[in-house]
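Reviewing the structure listed below.
The values are calculated or read from the model by the stated rules, or taken from the named source; none is laboratory data. Please read these numbers as outputs of a predicted model, since none were measured by experiment. With ideal geometry, Cβ positions are generated from the backbone for all residues, glycine too; neighbour counts draw on all protein chains shown. Keep in mind that these areas ignore ligands, DNA and RNA; they rest on the heavy atoms of the full protein, side chains included. Shrake-Rupley method; radii C 1.70, N 1.55, O 1.52, S 1.80 Å.
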Amino acid sequence: MKITFKVFVPILAFFGFFQIGQVLGQASDYFSENRYTDYPVISLKENFLGNPVYFIVGEKISASEVRAYMEIMPGNANDFMQTHAKAMSGTGLLLAGQVVVLGAFGYFYDNRNNLNNQIIRNYLIFSTMGAIGVGVGRAMNREGVRKINVLINKHNYLIRQDDITKPYLTMDFRNNYLGEKIDIYDGPNLLTKNRLNQYMLDYPEFADLMRKSQRNQNWSSVLGVASLVSTAVFVGDVLTPQIQSSTPSNTLLPLTLANIGIGISGGLVRRAARNHTRKALMKYNFGDEFQSY
């Protein structure tokens, strides 16, 4: 049986409109639904050394896996890997500086029974060099972790923005005279203490974790005061007179030990405060989807 041209044209038009309708329907579904519903939220924790560690549903993942998820925004993925490397390099420099400081302290301790100006000068030179390395390395690490924090917050918001029904809270941290201050933001706006307290009243799990963070921040301030006092005593009563005197100071060794102890303790409580704050915000923003690490 032959199909005439007059019959063929309507049939072709029917199938053409059918295919166009399917394409438009698929496009509508694509733009109306969350394209990243299968992507899990990523959480960040700082380990004992201050290095960034990443988790999905409570399970640790590598930096390369984080980058793979961030490939939905290639610029962010590349930025993330560069920043991760910077944070790790900062930790390496920090540890190298600490080794120099401890080596100088060991040199001083070995010669404690026959101290003279030359030994003390050597100790001060090497301990100062080590302290500079520690300071530069810590700054690199802190800045790297801060930027990683921002990139992960952006990524998590991108993949869950259609499901978020309340303000999306983020954090930042900065140095102050007493150590460190953690700020909480609603978008670009810094939360006031009253608004933060209201969120804590409305969300008990968020409040529990934030209280832990606040206790650690208070301890950080106490240790910051102790560090300032110890440094002032070291400069005023030990370092300055020692430059002008040939008699070794009896307080140099205990003050060095005190500064080392305060520095280690301060780093631990500040890190704990940041980690508790991150957990609190992940719980607030994503609820049961966030599994604690």
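Whether any residue in the range 232-240 is open to solvent by less than 40 Å² (accessible area, probe 1.4 Å) and either modelled with pLDDT of 75 or more or closer than 15 Å to residue 280 by Cβ (or both) is what I want to check.
Scanning the range 232-240 turns up no residue that is open to solvent by less than 40 Å² (accessible area, probe 1.4 Å) and either modelled with pLDDT of 75 or more or closer than 15 Å to residue 280 by Cβ (or both).
Return the residues of the range 58-87 that are exposed (fewer than 14 other Cβ atoms within 10 Å of the Cβ) and within 18 Å of residue 292 (Cα to Cα); say none if nothing qualifies.
Of the residues in the range 58-87, the ones exposed (fewer than 14 other Cβ atoms within 10 Å of the Cβ) are 58-60, 62, 64-65, 68, 71, 74-75, 78, 82, 85.
Residues satisfying the conditions are 58, 59, 60, 62.
Can you find even one residue in the range 127-139 that is closer than 30 Å to residue 214 by Cβ and among the hydroxyl-bearing types (Ser, Thr, Tyr)?
There is no residue in the range 127-139 that is closer than 30 Å to residue 214 by Cβ and among the hydroxyl-bearing types (Ser, Thr, Tyr).
Can you tell me which residues in the range 186-207 are in contact (Cβ under 8 Å) with a residue 40 or more places away in the chain and either open to solvent by 40 Å² or more (accessible area, probe 1.4 Å) or over 12 Å from residue 281 (Cα atoms) (or both)?
203, 205
For residues in the range 95-118 being surrounded by 13 or more Cβ atoms within 10 Å (Cβ to Cβ) and more than 19 Å from residue 259 (Cβ to Cβ), which is modelled with the highest pLDDT?
If we take residues in the range 95-118 being surrounded by 13 or more Cβ atoms within 10 Å (Cβ to Cβ) and more than 19 Å from residue 259 (Cβ to Cβ), then 111 is modelled with the highest pLDDT.
What tally of residues in the range 136-172 results from selecting those that are open to solvent by 40 Å² or more (accessible area, probe 1.4 Å), assigned to a helix (DSSP H, G or I) and more than 14 Å from residue 89 (Cβ to Cβ)?
Of the residues in the range 136-172, 5 are open to solvent by 40 Å² or more (accessible area, probe 1.4 Å), assigned to a helix (DSSP H, G or I) and more than 14 Å from residue 89 (Cβ to Cβ).
Of the residues that make up the range 173-185, is at least one surrounded by 15 or more Cβ atoms within 10 Å (Cβ to Cβ) and acidic (Asp, Glu)?
yes
Condition first: closer than 22 Å to residue 274 by Cα, at pLDDT below 95 and of a type in the set (Gly, Ala, Ser). Now tell me which residues in the range 34-89 satisfy that.
Scanning the range 34-89 gives 50, 58.
Assuming residue 6 fulfils every condition listed in (1) at pLDDT 55 or above; (2) out of contact with any Lys or Arg (no Cβ under 7 Å at 6 or more places or on another chain) apart from one, which condition is it?
Residue 6 satisfies all of (1) at pLDDT 55 or above; (2) out of contact with any Lys or Arg (no Cβ under 7 Å at 6 or more places or on another chain) except (1).
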